[in-house]
Amino acid sequence: MSNLTLTTFDWVPDMPRGFVRDIRVRWALEEAGLPYRVESVPFSDRDAGHFAHQPFGQVPWLTDGDLSIFESGAILLHLAEMSDALMPGDPREHSAVKEWLFAALNSVEMASLPWSLLMFSGNNDGTPGWRFFDGFLHQHRLKHLEPVLAAREWLAGRFSVADILMADVLRLVDRFDGLADYPACRTYVARATARPAFVKAHADQMAHFAKADSNAVVN
Ligand SMILES: N[C@@H](CCC(=O)N[C@@H](CS)C(=O)NCC(=O)O)C(=O)O
């Protein structure tokens with residue numbers, strides 16, 4: 001019997017709401033139908049207890065009994081071991097899930113995150129730095145991902161944790177209209193985020209941060 005607790009911030013500014021990485025964990029837990037609790041740590045005052053669970057002072061982390069796990073990819077792999085809704089049993093598909101999970105984080109997010117941060121901060125103004133990251137994302141990642149996603153519904157045969165990570169990574173690019181030239185990537189994000197587990201995870205994250213706003217008003 002699992003005893004799962006997801007920890008996230010108590011509050012974040014409006015801009016990242018809906019995109020805080022606890023959504024990846026919520027989404028996986030909802031797909032698997034695993035019961036869990038959500039706890040909060042202060043966004044503005046990160047103490048030693050926080051750093052003991054997440055060495056960079058970030059979120060999310062998950063505790064499973066006395067085991068504490070940080071990094072959304074590691075957390076999703078842990079949950080995948082608990083539910084075949086997240087990880088197919090077939091050895092080839094199992095291997096493909098791990099391959100695509102790392103590709104989402106280490107190949108696509110590695111390119112999409114600097115691009116998104118430049119978009120977010122308004123530094124997408126044609127400087128050589130911007131052109132480098134824009135080209136890197138489009139020419140070296142999305143251009144190659146597009147035919148892959150045009151040819152399949154999900155990355156590893158059937159829906160898995162690899163899709164949670166890839167769709168969440170692409171969702172942030174889509175937020176800044178970066179998928180306009182990649183219809184298969186856009187359709188994939190739409191297909192993934194239409195799943196009831198994502199819809200619930202997203203609503204729960206939004207409600208979690210909205211509750212912090214109303215508590216601040218009361219106090
Ligand atoms: N690689 C980490 C990244 C975690 C991360 O970037 N968390 C963000 C929220 S989405 C955070 O805590 N940001 C606050 C900060 O970096 O100080 C993971 O996937 O878990």
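The values are calculated or read from the model by the stated rules, or taken from the named source; none is laboratory data. Computed from a predicted model, the values in this text were never measured in an experiment. Please note: Cβ atoms are built from the backbone with ideal geometry, for glycine as well, and neighbour counts cover all protein chains shown.
Residue check: Ser116 meets all listed conditions (1) farther than 19 Å from Val20 by Cα; (2) part of a helix (DSSP H, G or I); (3) out of contact with any Gly (no Cβ under 7 Å at 6 or more places or on another chain) but one, namely (1).
Restricting attention to the range 179-200, which residues are touching a residue at least 40 places away in the same chain (Cβ under 8 Å) and among the small types (Gly, Ala, Ser)? So that I can check it myself, show each step before the final result.
Of the range 179-200, the ones touching a residue at least 40 places away in the same chain (Cβ under 8 Å) are 181-182, 185, 195-198, 200.
Within the range 179-200, just Ala197 meets the criteria.
So is Gly65 surrounded by fewer than 16 Cβ atoms within 10 Å (Cβ to Cβ) and in contact with a strand residue (DSSP E or B) (Cβ under 9 Å, 6 or more places away or on another chain) or not? Please lay out each step first, then the result.
Numbers: surrounded by fewer than 16 Cβ atoms within 10 Å (Cβ to Cβ): yes; in contact with a strand residue (DSSP E or B) (Cβ under 9 Å, 6 or more places away or on another chain): yes.
When the stated conditions are applied, Gly65 passes them.
Gly129: farther than 25 Å from Arg195 by Cα and modelled with pLDDT under 95, yes or no? In short, yes. Taking residues in the range 78-95 that are more than 15 Å from Ile164 (Cα to Cα), and partners anywhere that are among the hydrophobic types (A, V, I, L, M, F, W, C) and crowded, with 17+ Cβ neighbours inside 10 Å, the pairs with Cβ atoms closer than 6 Å and at least 6 places apart or on different chains are Glu93/Ala156. Condition first: under 14 Å from the mean Cα position of the chain (by Cα), of a type in the set (A, V, I, L, M) and surrounded by 16 or more Cβ atoms within 10 Å (Cβ to Cβ). Now tell me which residues in the range 68-78 satisfy that. Once the filter is applied, which keeps residues that are under 14 Å from the mean Cα position of the chain (by Cα), of a type in the set (A, V, I, L, M) and surrounded by 16 or more Cβ atoms within 10 Å (Cβ to Cβ), the range 68-78 yields Ile75, Leu76, Leu77.
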